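Step one of this worksheet: look at the structure below.
The values are calculated or read from the model by the stated rules, or taken from the named source; none is laboratory data. None of the values given here were measured: they were computed from a predicted structure. Here the Cβ positions follow ideal geometry from the backbone for every residue, glycine too, while neighbour counts run over all protein chains shown. For accessibility, only protein heavy atoms count, side chains too; no ligands or nucleic acids. Shrake-Rupley method; radii C 1.70, N 1.55, O 1.52, S 1.80 Å.
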Amino acid sequence: MKPGAGMKADAVVVGAGVVGAAVARALAVSGRRVVIVEQGVPGGAVSGASLACIGTHMMDEDELPLLKWCCDEWAAFASVAPDFEYSRCGQLRFLKQESERRSADEWIGIETAAGLSPTLLDPDAVRRIEPELTGPIHAATWSPNSAVVNPFLAVRRLLEAAQAAGATLVSRRPVTALRLAGGRIAGVETAEGPIEAGIVVLAGGPWTAKLAATAGVDLPIVPRKAQCLATVSVPPSIRTVVGACKAEGGVDAGYTQIQQAMSGQILFNTVLEGGVTAAGSPDDIPEVDRAFIRDSVATLLFLFPAFVQIDLLRSWVRYEAVTPDDRFLTGPAGPDGLFIAAGDGGTGFVRSLGMARIIADFVGGRESPFRRDLYDPARFDMKAAA
Amino acid sequence: MRRIDTDLLVVGGGPAGLEAARAAAEAGIAVDLVDAGFRPGGQYWMQDPTGAPPLSAQGSKGAAAIAKAQATGVAFHSGAEVFAAFPDRRVLANAADGPIEFTPRAIIVATGAHDRAMPFPGWTLPGVMTPGAGQRLAKLGGTSAGERVVLAGSGPFLMAVAETLVKLGKPPVALIEARPTDSAIIAHLARHPGRWREAARLLAGARAIPERRSGWIVTEAIGSERVTAVRIAPVDRSGRIDRARSETIGGIDALLVGWGFRPMIELTALLRCRHEHDPALGGWHCVTDRASGRTSVEGVYAAGEVTGIAGAVPARLSGRLAGLSAAADLGADTAGDEGERASLAEQLARARAFSDGLGRLYAPPADLVTLARDDTVVCRCEEITRADIAAAFADGTDAVAGAKIWTRAGMGRCQGRICGAAVAAIAAAETGITPREAGFNPPRIPLRPVPLSVVLETTRDGQE
Ligand SMILES: Cc1cc2nc3c(=O)[nH]c(=O)nc-3n(C[C@H](O)[C@H](O)[C@H](O)COP(=O)(O)OP(=O)(O)OC[C@H]3O[C@@H](n4cnc5c(N)ncnc54)[C@H](O)[C@@H]3O)c2cc1C
């Protein structure tokens, strides 16, 4: 018998991405019998496509306390878990022109007030940190506390920790519906039979809304395309995470992220405003767009002109889960026993441990060390009602 | 970057691609043929890269087919590797003199096959290579992989390699075929008299090999700097290996070992054509309507080995059929072709019956997957061992995709082209799923590593 069939558990976690893995670990460590059910392979959806930067820089002012907590938690996990290539390499955000100064200064001010230490560097100072970054940038912000992890191994380690605390992982088993009994959650349905549990946590990324709907719960999560490129392995040449200074308009105004994995592959993407993209969905993922390839390669070579003869090796596309305010939906929703932890907004890797903490605190009836009203799955209903 | 607008782009210049291109060109369609080799011909009709006249009858046939295609006006682009294709059918290739963008109205994919290698202890030693690689060395460079070669694995291709090496004056010291010879093979051959001559020729050629065994398998390659010996053991009809009766063949300097071929499905997969898995056809292959070569994607056709391993005869027939039907679909006047097409389809069915039967008879033995030991490297690019992969499965992941992200098997320069089938077999053995359920590494842009400068040039002023 495959594990999971006809099982009973205290809690079922749907989805073995970084969020589900973190939630499963948190619940299992607090003594709950957990079954994690994954439709594909663990970490194979958005989490396995991630650049997995763990940082606080140019993210979300209101979320800074949570983000700081998450960064510390990742460092703590790295010190106890087997290696997952955690590296506190710092982050640079380049400015192309003086007009971007205002945004940079603003972020530096906000983060400094929160006890962090970002600074603004001139191009020479940037090159002392990132010697190959010889392109004609105007300046860059420097956030020394940013780290990166290997996204595959990080999910694997979280799942190992969950399993060590008694959790069971079931791969390639889609959850088809939620089970209700007497108005509260009673488990999940799968193609190979039900799994009974009084608590169900939906950490299904872009698929979460569809599953919640089977219990009559309406979640404002929409899929958004995310793409990335990788070169072949080259000797160490990029030390930090290099991004573009955040412009007004948030993620939709475009972004860049460039870093070198421990394998030596250079991972990079640039999305510019208004990019036209091929149609697709989480269940029908297209290839990368031509314009995306062009913008990503052009930006990489603008910053690192010496890389022009390196071979491109691979591209990939995923659909991440986005909410109206780019924050997670995390907490109880709908029938008793149902919890949501989804809607990562494109930076869910860093925040996954915080979301797991919120779920574990709700389940355990504890307070959380940071605001959790920001993530209330019902917050948009309340706004609409007001 | 050169931009080429054409009716039909044929990818692959082997027997299937050449026949397809010629058939369509004869029907009045503008055809471009792109091939990664120095010269068209593919593996089977391999041509000398310097342009020297062919030495074998097979090579001459190829030269004639190339000349015929050229005479019909097919534009050849040799030494050009296709590395991207987009949903609007635009195809990018990289050639020595710069990249080319094709904007065809239809595509015929005839990319052929690659060797099916399976990891076993010692397979990464210098001197160990696939029979296909040995054949290329012999055909292109006129050299043998070694002075004392052991040829091993399974399938009729071993006999073809043996023939080449015998002709070179370097007959292998041993031919170790895993499939026990029995009445089933003879009965199959008896049903296809059209193939007797070829079989007789191959068998006669093999007589020059001093040691010929069937029902034996190479279990290990031994050596320090280079392979110097192999361990072999009997393998029975059900594919079980009897290691208690192992023997050693020493004093060798090369081992050619392989398990037939796998369809080269990167491009059809990238174009999102439907694929299926059948061990007798080499595993994953592109599904086509046999009478037309149409795939599940409009405007995309496939012919030859990519539609399931079958050899050169079905490749030519399916190529011609695909060329004719693509031409018809593109609006060429093909009235009067119906008779020929019906006859081709019939011949193809017969040729397929022969090759599919061979494919089933020479399926890799069940125990093949047991050869790789814990410390045997499976993914050579990233140096991932079988134990690494097994540990990932023990931790709760499965399938090729799961092994890839938890171990990096298939994430290196070859993107899993070499190890993918082996990882699938190991997944099946370790977790009880089928090789089909284990899946394959989906190809992505770029299909081959290509310099960033070229990528930029080919996308710079492209529309979205
Ligand atoms: C290119 C790229 C770069 C990124 N860079 C960063 C970064 O630098 N920093 C950062 O913090 N974040 C980054 N992110 C975002 C981050 O990776 C995601 O926010 C995060 O991985 C989301 O995790 P998740 O667990 O919610 O989603 P997923 O990993 O998608 O997990 C959801 C899982 O649920 C499963 N599932 C869904 N429905 C069902 C069902 N019905 N039954 C069973 N299983 C189901 C899915 O198969 C999937 O495995 C990046 C993302 C991308 C694509």
| field | Single unsatisfied condition, residue A:50 versus (1) under 28 Å from residue A:365 (Cα atoms); (2) within 12 Å of the ligand (Cβ to nearest atom) | value | (1)
| task | Within the stretch B:322-336, track down each residue that is in contact (Cβ under 8 Å) with a residue 60 or more places away in the chain and either surrounded by 15 or more Cβ atoms within 10 Å (Cβ to Cβ) or among the small types (Gly, Ala, Ser) (or both). | result | B:322, B:323, B:324, B:326, B:327, B:328, B:329, B:330, B:332, B:334
| request: State all residues of the stretch A:359-386 that are assigned to a loop (DSSP other than H, G, I, E, B) and either in contact with a helix residue (DSSP H, G or I) (Cβ under 7 Å, 6 or more places away or on another chain) or away from the ligand (no atom under 16 Å from the Cβ) (or both); if no residue qualifies, say none. | output: A:365, A:366, A:367, A:368, A:369, A:370, A:371, A:372, A:376, A:378, A:386
| note | Taking the stretch A:186-196 and keeping residues part of a strand (DSSP E or B) and surrounded by fewer than 23 Cβ atoms within 10 Å (Cβ to Cβ) leaves A:186, A:189, A:190, A:193, A:194, A:196
| message | List the residue pairs whose Cβ atoms are under 7 Å apart, where the first residue sits in the stretch A:46-73 and is open to solvent by 30 Å² or more (accessible area, probe 1.4 Å), the second is away from the ligand (no atom under 11 Å from the Cβ) and of a type in the set (Phe, Trp, Tyr), and the two are 6 or more positions apart or on different chains. | response | A:65/A:370; A:69/A:370
| field | the stretch A:171-185 - residue that is in contact with a strand residue (DSSP E or B) (Cβ under 8 Å, 6 or more places away or on another chain) and open to solvent by less than 20 Å² (accessible area, probe 1.4 Å) and, of those, nearest to the ligand (Cβ to nearest atom) | value | A:173
| request: Determine whether the stretch A:197-220 contains at least one residue that is open to solvent by 30 Å² or more (accessible area, probe 1.4 Å), in a helix (DSSP H, G or I) and free of Cβ contacts under 8 Å to residues at least 40 places away in the same chain. | output: yes
| query | Within the stretch A:133-147, can one find any residue that is assigned to a helix (DSSP H, G or I), within 19 Å of residue A:75 (Cα to Cα) and in contact (Cβ under 8 Å) with a residue 60 or more places away in the chain? | reply | no
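Quick check on residue B:58: is it open to solvent by less than 30 Å² (accessible area, probe 1.4 Å), without any contact (Cβ under 8 Å) to a residue 24 or more places away in the chain and within 21 Å of residue B:305 (Cα to Cα)?
Numbers: open to solvent by less than 30 Å² (accessible area, probe 1.4 Å): no; without any contact (Cβ under 8 Å) to a residue 24 or more places away in the chain: yes; within 21 Å of residue B:305 (Cα to Cα): yes.
The answer is no for residue B:58.
When you look at residue A:294, is it open to solvent by 20 Å² or more (accessible area, probe 1.4 Å), over 22 Å from the mean Cα position of the chain (by Cα) and not hydrophobic (A, V, I, L, M, F, W, C), yes or no? Show your work before the answer.
Working: open to solvent by 20 Å² or more (accessible area, probe 1.4 Å): yes; over 22 Å from the mean Cα position of the chain (by Cα): yes; not hydrophobic (A, V, I, L, M, F, W, C): yes.
Taking the combined requirement at face value, the residue satisfies it.
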| said: Please go through (1) in a loop (DSSP other than H, G, I, E, B); (2) more than 30 Å from residue B:143 (Cβ to Cβ); (3) touching a residue at least 24 places away in the same chain (Cβ under 8 Å) for residue B:251 and return the number of the only condition it doesn't satisfy. | reply: (2)
| query | What number goes with the only condition from (1) within 13 Å of the ligand (Cβ to nearest atom); (2) more than 15 Å from the chain's Cα centre (by Cα) that residue A:348 does not pass? | reply | (2)
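Among the listed residues A:164, A:154, A:147, identify the single one that is small (Gly, Ala, Ser) and open to solvent by 10 Å² or more (accessible area, probe 1.4 Å). Please lay out each step first, then the result.
Values: A:154 fails: open to solvent by 10 Å² or more (accessible area, probe 1.4 Å); A:147 fails: open to solvent by 10 Å² or more (accessible area, probe 1.4 Å).
The conditions single out A:164.
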| message | With the structure loaded, tell me whether residue B:152 is within 30 Å of residue B:48 (Cβ to Cβ) and surrounded by 23 or more Cβ atoms within 10 Å (Cβ to Cβ) or whether it fails that test. | response | yes
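Could you check how many residues of the stretch B:232-248 are on the phi < 0 side of the Ramachandran plot and open to solvent by less than 20 Å² (accessible area, probe 1.4 Å)? Give the steps one after another, and end with the answer.
First, the residues of the stretch B:232-248 that are on the phi < 0 side of the Ramachandran plot: B:232-238, B:240-248.
Then drop every residue that is not open to solvent by less than 20 Å² (accessible area, probe 1.4 Å), which leaves B:232-235.
Adding up the residues that qualify gives 4.
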| said: For the stretch A:11-29, give me each residue that is more than 14 Å from the ligand (Cβ to nearest atom) and either without any contact (Cβ under 8 Å) to a residue 24 or more places away in the chain or within 14 Å of another protein chain (Cβ to nearest Cβ) (or both). | reply: A:28
| said: Residue under question is residue A:312, and the condition is that it be open to solvent by 10 Å² or more (accessible area, probe 1.4 Å), within 30 Å of residue B:446 (Cβ to Cβ) and more than 15 Å from the ligand (Cβ to nearest atom); does it hold? | reply: no
| note | Exactly one of B:169, B:205, B:142 is over 21 Å from the mean Cα position of the chain (by Cα), closer than 28 Å to residue B:16 by Cα and exposed (fewer than 15 other Cβ atoms within 10 Å of the Cβ), and that residue is B:142
| task | Could you grab the pairs with beta carbons closer than 6 Å, sequence gap of 6+ or different chains, first residue in the stretch A:336-349 and farther than 16 Å from residue A:15 by Cβ, second one within 6 Å of the ligand (Cβ to nearest atom)? | result | A:346/A:320
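Where in the stretch B:128-224 are there strands (runs of 3 or more DSSP E), lying fully within it, with 1 or more residues that are in contact (Cβ under 8 Å) with a residue 40 or more places away in the chain?
Numbers: elements: B:149-153, B:174-177, B:211-214, B:216-223.
Fully inside the stretch B:128-224 and qualifying: B:149-153, B:174-177, B:216-223.
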| query | In this structure, is residue B:104 at pLDDT 95 or above, within 18 Å of residue B:423 (Cα to Cα) and touching a strand residue (DSSP E or B) at 6+ places or on another chain (Cβ under 6 Å)? | reply | no
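Conditions tested, residue by residue: (1) outside any strand (DSSP E or B); (2) more than 15 Å from the ligand (Cβ to nearest atom); (3) at positive phi.
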site	(1), (2), (3)
A:31	yes, yes, yes
A:36	no, no, no
A:58	yes, no, yes
A:76	yes, yes, no
A:82	yes, yes, no
A:92	no, no, no
A:101	yes, yes, no
A:107	yes, yes, no
| When the stretch A:190-208 is examined, which residues are found to be more than 10 Å from the ligand (Cβ to nearest atom) and more than 14 Å from chain B (Cβ to nearest Cβ)? | A:193, A:194, A:195, A:196, A:197, A:198, A:199, A:200, A:201
| field | the stretch A:222-239, residues that are open to solvent by less than 20 Å² (accessible area, probe 1.4 Å), more than 18 Å from residue A:299 (Cβ to Cβ) and within 16 Å of the ligand (Cβ to nearest atom) | value | none
